[in-house]
1. Kindly provide the chymotrypsin sites (Phe, Trp or Tyr not before Pro) of region 337-382 that DSSP labels as loop, not H, G, I, E or B, and whose Cβ sees at most 13 other Cβ atoms within 10 Å.
2. Report, to one decimal in Å, the Kirkwood hydrodynamic radius for region 190-318 based on all distinct Cα pairs.
3. Quick one: grab Rg to one decimal and Dmax as a whole number for the chain, Cα atoms only, in Å.
4. Rounded, prolate or oblate: which fits region 338-390 when a ≥ b ≥ c are the square roots of the eigenvalues of the alpha-carbon gyration tensor, with rounded for a/c under 1.5 and prolate only if a/b beats b/c?
5. Once you have all Cα-Cα distances for region 82-153, histogram them in 5 Å bins from zero and send the whole-percent values.
6. Out of the GluC sites (Glu not before Pro) in region 262-338, which ones are loop residues according to DSSP with at most 15 other C-beta atoms within 10 Å?
7. Between region 184-226 and region 292-308, what is the C-alpha centre distance in whole Å?
8. To the nearest 500 deg cm²/dmol, what mean residue ellipticity at 222 nm is calculated for the chain from DSSP H runs of n ≥ 4 alone, each contributing -39,500 (n - 2.57), summed and divided by the residues?
Amino acid sequence: FFVLYFTITSSELFCRKFDPYFGAGTGFGADTVLLWSLGAVLVTFVGAIFIKQLWCRYLCFLGAASNVFVNLWGAILVAVVYFGLSFAGVKLSLIWLIGGIVFVGFLVEAGMKITVDQNACTQCGLCTIACPQDIRVQEFKKVDHPDCVMCTECIAACKEEKAVGINGSFKLRFLPHILVVALISMGFILSSNYEFTTLEKRWGKFEQLQQPAIYQQTGLKNVKCWGSSMSLANALQNKHGIYGLDTYAKSHSVTIYYDSTEISEAEVKGALFTPSRYKTRTFKDYTPDSLTIWEVGINNLFDRVDQTNLVRALHQSNFIFGMETFYGEPVLTRIFFDADSLDPAEIKPIIEVKKIETEVAGKKRVYDLNFKCEGKGEITGSCVRLPAEYVHPHGSEI
């Protein structure tokens, strides 16, 4: 249950941080915790000396989750009911789908099984030799061993006609393979047409609210997984009047539940916004006598990801040195630039560029932008240098 729930709701592999095969296959990159992955690799290698496929058979989280689908028809029935109710307008948490599949899998231990016709079997042992799980297949009438993953290697290895099959049928050898392809295809179709809630979280007096007010925001690029959703939830819990949220990583959107008698919709929008102060360029190669401050409202500037992309756009000019944002509709933005070399009218098309390309470690990256300046903006002052608190965006790679 936990493996399926956290994998689906986080939009990423639940056990990637410590899975030995994922770690080794990706070179122990940023998606892994090095010590955890190395520890898992050590356990896998040392354990394999004593127990064949120790990790896959006894420690793998995804292997445990896959056992749910041995009871395939029960899982399909639960999924059909769940999505049927969802399309009918009944709002059900993802917990009902996963919990139903697991519960049916617990109750129904039938499903597809490898079967052996003892009258046709010669006890040659070829099926047992072929079994990657070391199950003594020829000793069973119905292989109900918990390690059986329905790979059908035993059926392929059997030399006797109609000795080993699936549920007594000897024409279903490739059924598991067909079902794998079908399930993967179904996954792509569902992911394209149906979006799961990445995070559903309630706190405080949510249960006491008879009809909480709802605010929905799309385009939040920092809502991209379960972890980033939790970070947003933790930040909003400190905001008086907000008592819950649902996030959707696929569409980068959020639904916020709040008490309209305690906080206004404008204040909820403000709670989603994080002001920033960023350098876009250093004074290493060029130092102007002073910097002019130009203020302008910018639409579609929602979160830190957008603000980092704005820094990337401004970095294209050699005469823009910093920016500062304040919440508003549109977002009020201060641009610090060298007025002797650049006119404010020239900054506007830099901000409104639709696409920028940067090169990082020899690789070209393309960013799609959708900023829109409101009005012509105005000059509001000047300064000699940017304050010390203006920094480059962490990980911006500009």
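Computed from the coordinates by the stated procedures, all read-outs in this text should not be read as laboratory data. Source: prediction; values computed, not measured. Here the Cβ is made from the backbone with ideal geometry for all residues, glycine too, and neighbour counts use every protein chain on show.
1. Details: sites: PHE337, TYR367, PHE371; in loops: PHE371.
Hits after loop and neighbour filter: nothing returned.
2. Computed over region 190-318, the radius equals 16.9 Å.
3. That works out to 28.8, 96 Å for Rg and Dmax.
4. Oblate.
5. Per 5 Å bin, starting at zero, the Cα-Cα P(r) for region 82-153 comes out as 3, 14, 18, 15, 11, 9, 9, 8, 7, 4, 2, 0 percent.
6. Details: sites: GLU262, GLU265, GLU267, GLU295, GLU324; in loops: GLU262.
The qualifying sites are GLU262.
7. 26 Å
8. Details: 13 runs with 135 residues, N = 398.
Mean residue ellipticity at 222 nm (helix-derived): -10000 deg cm²/dmol.
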